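Participant: Have a look at the structure that comes next, please.
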Amino acid sequence: MNLPANAGVPGHLAVIMDGNGRWAAKRGRPRWMGHARGAQTAREVVAYCARLGVQHLTLYAFSSDNWKRPREEVGFLLDLFASHLDRQLTELCANGIRLSIIGRRDRLPATLVAKMEDAEARTAQGTRMHLRVAIDYSSKAALQQAFARVNAGDGEWPAEPLLPNVDLLLRTGGERRLSDFLLWECAYAELAFHEALFPDLTTAHLDAVFADFAGRDRRFGGLDSAPAPVGSA
Ligand code: FPP
């Protein structure tokens, strides 16, 4: 059963897309096939979340620690991001989805950075959902940078120092950890850990995760249920 738009749907959903390698290994296939299939799933998740009325969706595509992986796998992932940016740009624009890439850019290939900047500029007017894809991202590094900016300035936080608060963090693949993702923004996030390997994640799984989220009693440190402060940093 699909939920009606906005009812019980998180304002900001963050997803750790884990399990691509195991998905491929289970089928006796190379790991890159799991990533390729995961990218298709990511596209479906984006479309479904936009349909349901999720306002902010943040996907963890490549952590700063993922540079430790074999060169071939890293190269495949970076090429995959570039080709998906090319293929999905029209769809993002047509659906009013704004795309931002978060993370370091100085270690990425210049061609990929150019595509990222182009996609960000061409989707900047999208108001239906803000999709953020984290590439070469480390939450600890992002926090260190933010603190350094505050220290170098007048000691005040800039108006929008980080991302909106996360309402629901979903990690697929059965592991139960945050892996340096949105540590600050997840201060009051509800956590959902799903056994499905990311390429196997379906809209029915998402419905179940959202239904569970809708039943959570969020008190934000108080005694009464409180509405989520959606979008506030
Ligand atoms: C973690 O699974 C997954 C990644 C490091 C890559 C995630 C990337 C995608 C799903 C593609 C997204 C593409 C776009 C365009 C957003 P893992 O490799 O650690 O899996 P394992 O734990 O089974 O080894």
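Participant: Amide H to amide H, which residues 5 or more places from Met17 or on other chains are under 5 Å from it, using H placed in the peptide plane?
Facilitator: Result for Met17 returns Tyr60.
Participant: Moving on. Charges at C-beta only: +1 for Lys and Arg, -1 for Asp and Glu. How large is the resulting dipole of the range 102-189 about its Cα centre, in Debye rounded to 20?
Facilitator: So the magnitude is around 340 debye.
Participant: Another question, if that's okay. Using 0.36 nm per residue, how much length does the chain from Asp65 to Arg176 gain when fully extended, once their Cα-Cα distance is taken away? It would help to have the intermediate numbers written out before the result.
Facilitator: On the way: separation 111, 0.36 × 111 = 39.96 nm, distance 1.73 nm.
Additional length available on full extension: 38.2 nm.
Participant: Additional query: Find the relative contact order for the chain and round it to a whole percent, using C-alpha pairs within less than 8 Å whose residues are 6+ positions apart.
Facilitator: 29 percent
Participant: Another question about this same structure. Could you rank the peptides 22-32, 189-199 by their average count of other C-beta atoms within 10 Å per residue, with the highest value first?
Facilitator: Ranked from most to least packed, the peptides come out as 189-199, 22-32.
Participant: Quote the accessible area belonging to Arg149 in square angstrom, nearest 10, computed with a 1.4 Å probe and with ligands, DNA and RNA left uncounted.
Facilitator: In the full protein context, Arg149 sits at about 130 Å².
Participant: So, one more: Over the range 122-233, what is the relative contact order in percent, taking alpha-carbon pairs closer than 8 angstrom and at least six residues apart?
Facilitator: Normalised by residue count, the contact order of the range 122-233 is 27 percent.
Participant: Here's something else I'd like to know. If you take the C-alpha gyration tensor of the range 108-158, multiply each eigenvalue by 5 and take the square root, what semi-axes do you get, largest first, in whole Å?
Facilitator: For the range 108-158, the semi-axes come out at 26, 16, 11 Å.
Participant: Then there's this: Cβ under 13 Å from Phe213's Cβ, Phe213 left aside: what net charge do those residues give with Lys, Arg +1 and Asp, Glu -1?
Facilitator: Net local charge, Phe213 excluded: -3.
Participant: How high is the FRET efficiency between Phe193 and Glu120 when r is their beta carbon distance and R₀ equals 45 Å, given to the nearest 0.05?
Facilitator: E between Phe193 and Glu120, to the nearest 0.05, is 0.90.
Participant: If you take the beta carbon distance between Asp217 and Thr111 as r and set R0 to 41 Å, what does 1/(1 + (r/R0)^6) give as a FRET efficiency, to the nearest 0.05?
Facilitator: 0.30
The values are calculated or read from the model by the stated rules, or taken from the named source; none is laboratory data. If you're wondering where the values come from, they're calculated on a predicted model, not measured in any experiment. Cβ sites come from the backbone with ideal geometry, for glycine too, and all protein chains shown count toward neighbours. To get the accessible areas, we keep the full protein, side chains included, count just its heavy atoms, and leave off ligands, DNA and RNA. Shrake-Rupley method; radii C 1.70, N 1.55, O 1.52, S 1.80 Å.
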